[in-house]
Amino acid sequence: MSLVYNEDQLQLQDSARDFLSARSPASVQRAIRDQDIAAGYDAGVWQSMLDLGWSAVAFSEADGGLDFGFAGFAPLFEEIGRHLGASPLLSSIVLCGGLIEQLGSEQQRQQRLPQLISGELRLALALEENARHAPEAIQLEARRDGDGWVLSGEKTWVADAREADGWLVVARESEGRCGVFHVRADQAGVQTSARSMIDSRNMAALRLDQVRVAADDRLGSNDAGKALDLVLDWGRACLAAELLGMSETAFSMTVEYLKTRVQFGVPIGSFQALQHRAARLYADLQLARSSMMAAFAQLDRPGGDDRERRRLVSLAKWQAGQVAQRVSNEAIQMHGGIGVTDEYDLGLFLKRMRMAQNQLGNSDYHCQRYSDNRSA
């Protein structure tokens, strides 16, 4: 396993860094928050991401993609984390696009994947029903009704749900199977209610009251549990990369502050105690990077072992969450009061870190999952 990006990934990373630095620095996220933009992202920036081909990176050429491989998302999400870039890339492309790719019939894939890749269609994954991530505890009911289905229940946390064209709703069928259904935003019986989040991103609760969907709005015909598990791991790996990017930026901001903040006539970075703490953070960041790279390598390995995939992805998400916790805590403490002022970008990184740490499973969840999938 390589601990550095290959040449293609580095080119993708350089392109993403240049684009996000120019079009979507942290100040853009502050402006989106202040203007209370419901979608939670800049539509022009998202369109430019689509034009650059970010949405097509991991899909096959037959599905309208670039066939780069899933590992192409690693440098993209790392740079998104570095710049606090807000977009529906995770929700609409990685998660919903991944489920359509894994579960959809040929017709469903040909119809919906090009629409997602082009941005003509934006979907969000409606999965969570509890205060914490629990994909195995789905209660929203899908009941057979003639040739179609009737969905009833609630989803408590749906990322990028507001102003979406529709949702992929994970439901429990009467036979005990897990099913994924495409619900359109204009269907009768659908209600969304916005949730206010500390990172000011797009989040809503979704209520379905006897919502009727056609037979071809169910993705595939088999149990969706295995495909859902795989696609959620794709999302977790992307979040690990985003957390790493945010952590490295917060660390760089802190090191720069240690070099410039003068106390007792000398830069505070000259104090040995602070140097030791910074050195430990640097080592932690390298451990998180190695875990993230291992997870992406496993996800891109044809015919990879499912248990090893779950283990490495949970390790990456846990490690990235832990280093984000330590880096953000130390950054705030070393900066002092300025670190939590709204005018300083560090506070924005802290808030987004806390959300990403909990999205698709917090540290406790992934510790348990790692243990359950450890090698015999």
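The values are calculated or read from the model by the stated rules, or taken from the named source; none is laboratory data. Predicted model only: the values in this text are computed from it and were never measured. Don't worry about glycine lacking a Cβ; one is built from the backbone with ideal geometry, like all the others, and counts go over all protein chains shown.
For the range 214-233, which residues satisfy the criterion of being more than 10 Å from Phe181 (Cβ to Cβ) and under 22 Å from the mean Cα position of the chain (by Cα)?
Gly225, Lys226, Ala227, Leu228, Asp229, Leu230, Val231, Leu232, Asp233
Given (1) under 24 Å from Leu258 (Cβ atoms); (2) within 22 Å of the chain's Cα centre (by Cα), where does Ile332 come up short, assuming only one miss?
The one condition Ile332 does not meet is (2).
Have a look at Ala164, Ala188, Ala171, Ala142 and point out the one that is more than 25 Å from Ser118 (Cα to Cα), in contact with a strand residue (DSSP E or B) (Cβ under 9 Å, 6 or more places away or on another chain) and not in a strand (DSSP E or B).
Numbers: Ala164 fails: more than 25 Å from Ser118 (Cα to Cα); Ala171 fails: not in a strand (DSSP E or B); Ala142 fails: not in a strand (DSSP E or B).
None of the other options fit; the residue is Ala188.
Consider Gly189 carefully, then state whether it is buried (at least 21 other Cβ atoms within 10 Å of the Cβ) and either among the hydrophobic types (A, V, I, L, M, F, W, C) or under 24 Å from Ala131 (Cα atoms) (or both). Show your work before the answer.
On the way: buried (at least 21 other Cβ atoms within 10 Å of the Cβ): no; either among the hydrophobic types (A, V, I, L, M, F, W, C) or under 24 Å from Ala131 (Cα atoms) (or both): yes.
Judged against the criteria, Gly189 is not a match.
Just to be sure, is Leu230 modelled with pLDDT of 95 or more and buried (at least 21 other Cβ atoms within 10 Å of the Cβ)?
On the way: modelled with pLDDT of 95 or more: yes; buried (at least 21 other Cβ atoms within 10 Å of the Cβ): no.
For Leu230, the condition - modelled with pLDDT of 95 or more and buried (at least 21 other Cβ atoms within 10 Å of the Cβ) - is not met.
If I go through the range 181-213 residue by residue, how many of them are in contact (Cβ under 8 Å) with a residue 24 or more places away in the chain and either closer than 30 Å to Val340 by Cα or not assigned by TED's automatic domain parsing to the domain that holds Thr156 (or both)?
Going through the range 181-213 one residue at a time, the tally reaches 11.
Of everything in the range 312-360, what is crowded, with 24+ Cβ neighbours inside 10 Å and without any contact (Cβ under 8 Å) to a residue 40 or more places away in the chain? Give them in sequence order.
Result: Leu312, single match.
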